Amino acid sequence: MKRSLLRIAAVCFVLASVAPPSVNAQTQPPGQEFLSYRLFVYVLAPDREALSAGLANWADGNDGYFVERSGDQVVLRTPRSNVPALRAYIESRDGVVLRFEPATADLRQELLNTRAAVSSRQESLDRILELIGSADIGATLAFEQELRSLNQEIEYYRGIERLILNDSRYAHVRIALTSEQSSIPDYLPSAFSWINAIDLYQFLKDRS
Amino acid sequence: MKNLSLRATVILVSVAFLASCFTPRAAIATPDGFSPYTGKGDVRLISPEGMRMRVRIEENEPSQSLDFWATALRGHMTDAGYTLVDHGTVSAAGGVWFEWVAPVHGEDWIYLTALRVSGNHIVVVESAAVEALYRTYRPALHAALPTAQVR
């Protein structure tokens, strides 16, 4: 009786905890389901704070979410198909896109390795479930420990799989905001010589 | 002949000494957190993080009012590409201050410029730091601005 209960508990535990991943790569365009898309955008913004807040709201309202937001930068995740709309939004808020640098990475190998790790552990788990029916109490306890261990590993690898699929589904976008151009424009001398000497860069160089 | 040359030397040294006594020099109360360090005649102060402050004297030539110089400086800085983030007056001393933002190695720096006209001279105060550090010392800098003067 006790042995039967142990078997039932072990099988129930395993069946309840091994669930398929919720994120599905099938939502991606054909041929791109294994690509991670990263984008860096450098934006000249007249009002960084307003644009930063606007971008966070834009991400939330367009099937994405923001990861980090400050006056200097916004990090957000958004479906890859939204990237052109993101650029249009920035420009509609008077942001000037100074740099727009996309990059992709192939996640296929990582995903296959992860799925293989899940698969091999799943096979071991199935084998143990077959054997547990004919095991004595001592062996059942040992099997239960092994089941727990395998289950933890399967959950770990399924978590990684979900992350990979999430990476393929959502573009990772980092938008750096600046209120000024990356360099001061051509030198424009004043009619008054001492005013020409008032300059941040000269001030920083003057270490005497 | 020897006496004559000695007398000339004494006169020259005396003139130089008197001239140095009457040469206008910049002065300012040291803001909290800053320490003075030796510079080339200007007042120079530095914080433990390396944020610097400089106070110097310029000739008020052509002689103009504070408003004139403030407008000239503001126009020049704006034309040069700086973005004005804040400005105000130093009420007790009759001066003006501007805070500009400009990029340095990809970071936004705040550049403080303050002016005060004192007779034939203009006191110019400058300080700058990356934005976060500047905000830390901003109250101390602004507290010191009314004390900028020609001595």
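The values are calculated or read from the model by the stated rules, or taken from the named source; none is laboratory data. These numbers come from a predicted model, not from an experiment. All Cβ positions, even for glycine, are placed from backbone atoms using ideal geometry, and neighbour counts span all protein chains on display.
Selection of first residues in the range B:32-55 that are farther than 13 Å from B:Leu141 by Cα and of second residues that are modelled with pLDDT of 95 or more and among the acidic types (Asp, Glu), restricted to Cβ pairs under 7 Å at least 6 apart or on distinct chains, gives an empty result. For the range B:110-127, a tally of residues being of a type outside the set (S, T, N, Q), under 16 Å from B:Ile28 (Cβ atoms), crowded, with 20+ Cβ neighbours inside 10 Å and within 13 Å of another protein chain (Cβ to nearest Cβ) returns 9. Within the range B:86-109, if we keep just the residues that are within 8 Å of chain A (Cβ to nearest Cβ) and touching a helix residue (DSSP H, G or I) at 6+ places or on another chain (Cβ under 9 Å), the residue that is surrounded by the fewest Cβ atoms within 10 Å (Cβ to Cβ) turns out to be B:Val104.
When the range B:86-104 is examined, which residues are found to be part of a strand (DSSP E or B) and of a type in the set (A, V, I, L, M, F, W, C)? The answer is B:Val90, B:Val96, B:Trp97, B:Phe98, B:Trp100, B:Val101, B:Ala102, B:Val104. Taking first residues from the range B:57-68 that are touching a residue at least 60 places away in the same chain (Cβ under 8 Å) and partners that are in a loop (DSSP other than H, G, I, E, B) and among the polar types (S, T, N, Q), the Cβ contacts under 7 Å between residues at least 6 apart in sequence or on separate chains come to B:Glu59/B:Asn120; B:Asn60/B:Asn120.
For the range B:69-85, the count of residues that are modelled with pLDDT under 85 and part of a helix (DSSP H, G or I) is at least one. If the condition is being within 14 Å of chain B (Cβ to nearest Cβ) and in a loop (DSSP other than H, G, I, E, B), then the range A:43-75 contributes A:Ala45, A:Pro46, A:Asp47, A:Ser70, A:Gly71, A:Asp72.
Conditions (1) more than 30 Å from A:Ile175 (Cβ to Cβ); (2) touching a Leu at 6+ places or on another chain (Cβ under 9 Å); (3) not charged (D, E, K, R), marked per residue:
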{"position": "B:Ser47", "(1), (2), (3)": "yes, yes, yes"}
{"position": "B:Ile57", "(1), (2), (3)": "yes, no, yes"}
{"position": "B:Asn60", "(1), (2), (3)": "yes, no, yes"}
{"position": "B:Leu115", "(1), (2), (3)": "yes, yes, yes"}
{"position": "B:Gly119", "(1), (2), (3)": "yes, no, yes"}
{"position": "B:Leu133", "(1), (2), (3)": "no, no, yes"}
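Taken over the range A:108-146, the criterion of being under 30 Å from A:Asp167 (Cβ atoms), surrounded by fewer than 16 Cβ atoms within 10 Å (Cβ to Cβ) and of a type in the set (A, V, I, L, M) is satisfied by A:Leu112, A:Ala116.
Of all the residues in the range A:42-78, those that are over 23 Å from B:Val85 (Cβ atoms) and among the β-branched types (Val, Ile, Thr) number 3.
Of everything in the range A:67-92 that is charged (D, E, K, R) and under 15 Å from A:Ala176 (Cα atoms), the residue that is farthest from the chain's Cα centre (by Cα) is A:Glu91. Could you grab me the full set of residues in the range A:73-107 that are surrounded by fewer than 17 Cβ atoms within 10 Å (Cβ to Cβ), within 14 Å of A:Ala45 (Cβ to Cβ) and of a type outside the set (Lys, Arg)? The answer is A:Glu91, A:Ser92, A:Asp94, A:Val96, A:Val97, A:Leu98.
Selection within the range B:70-82: residues that are over 18 Å from the mean Cα position of the chain (by Cα) and surrounded by fewer than 16 Cβ atoms within 10 Å (Cβ to Cβ). The member of this set that is farthest from the other protein chains (Cβ to nearest Cβ) is B:Thr78.
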